[in-house]
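Engineer: Sharing a structure here in structure tokens format.
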Amino acid sequence: MKRMIAGFLLLAMLCAWTAAAGAEGACIPDPRVYFGVEPRESGVSDDQKSQWMSFKFETGEECDRAFEEYARLLQDERFELKMILDDDWKMLFDYRGSADIEKVKDLSNDASYTVKLVNFQEYGALIEITVSMDVELKDTGDAPDTPYRTIGPEKSTGAGTGSSGKDDCMFCQGSGRCSECGGSGRVRNWVPGTREYLEQNCRSCSGTGRCFWCGGSGED
């Protein structure tokens, strides 16, 4: 009996280790590389468990095309994801076999997902991607058949330039701007169950737009 119990424990530990190893090695195509532009806006969730980035396109049609093609790419077997929710404008993906589909059918409950892809075409031709921190963004060599017509990030007038002889600030790379809000002092948080954003002061810089570490000087 003791041997049987030990065997069961060993098998359980092996399964847990295998699952953890699979999650640790998870990756998806870096959307910055795939869309060919830096995100318009980006940030990290309050609980530090996921990161998000939004990309702007020249037209709604181009936005729809990018949304469909990137979503199709995520379903490639290489990335071990499966789509657990498809609501036309919003798609949720999770590790293959790990999602509780019933749990996320209610749009107000996104508690179980690895990648969230949202199409805000009618609100400015934007796509927002939210990715769990345990997923690596890699240049996988994938590229669209036709390059997307994208719009780069807005220019921001941060206080610091990092032009003196001192080392650049490690958090803002010498720009002086808050790395979370890009220097605007404001962030937009998605309201669950809607297509709306709630604009708030950035917590990292308390709404100043300046890097919290260097105070806007751009220097360490």
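Engineer: Can you pull out every residue in the stretch 35-80 that is closer than 18 Å to ASP134 by Cβ and touching a Pro at 6+ places or on another chain (Cβ under 7 Å)?
Structural biologist: MET53, the sole residue that qualifies.
Engineer: Looking for whichever is modelled with pLDDT of 80 or more, surrounded by 13 or more Cβ atoms within 10 Å (Cβ to Cβ) and among the acidic types (Asp, Glu) here; the options are GLU128, GLU180. Which one fits?
Structural biologist: Checking each option against the conditions leaves just GLU128.
Engineer: How do the strands (runs of 3 or more DSSP E) wholly within the stretch 17-122 filter down when requiring 3 or more residues that are polar (S, T, N, Q) and modelled with pLDDT of 85 or more: which remain?
Structural biologist: 50-57
Engineer: Checking TRP52 against (1) more than 25 Å from VAL191 (Cβ to Cβ); (2) in contact with a strand residue (DSSP E or B) (Cβ under 9 Å, 6 or more places away or on another chain); (3) aromatic (Phe, Trp, Tyr), only one condition comes out false. Which one?
Structural biologist: Every condition holds for TRP52 apart from (1).
The values are calculated or read from the model by the stated rules, or taken from the named source; none is laboratory data. Keep in mind that this is a model prediction, so the values were computed, not measured. With ideal geometry, Cβ positions are generated from the backbone for all residues, glycine too; neighbour counts draw on all protein chains shown.
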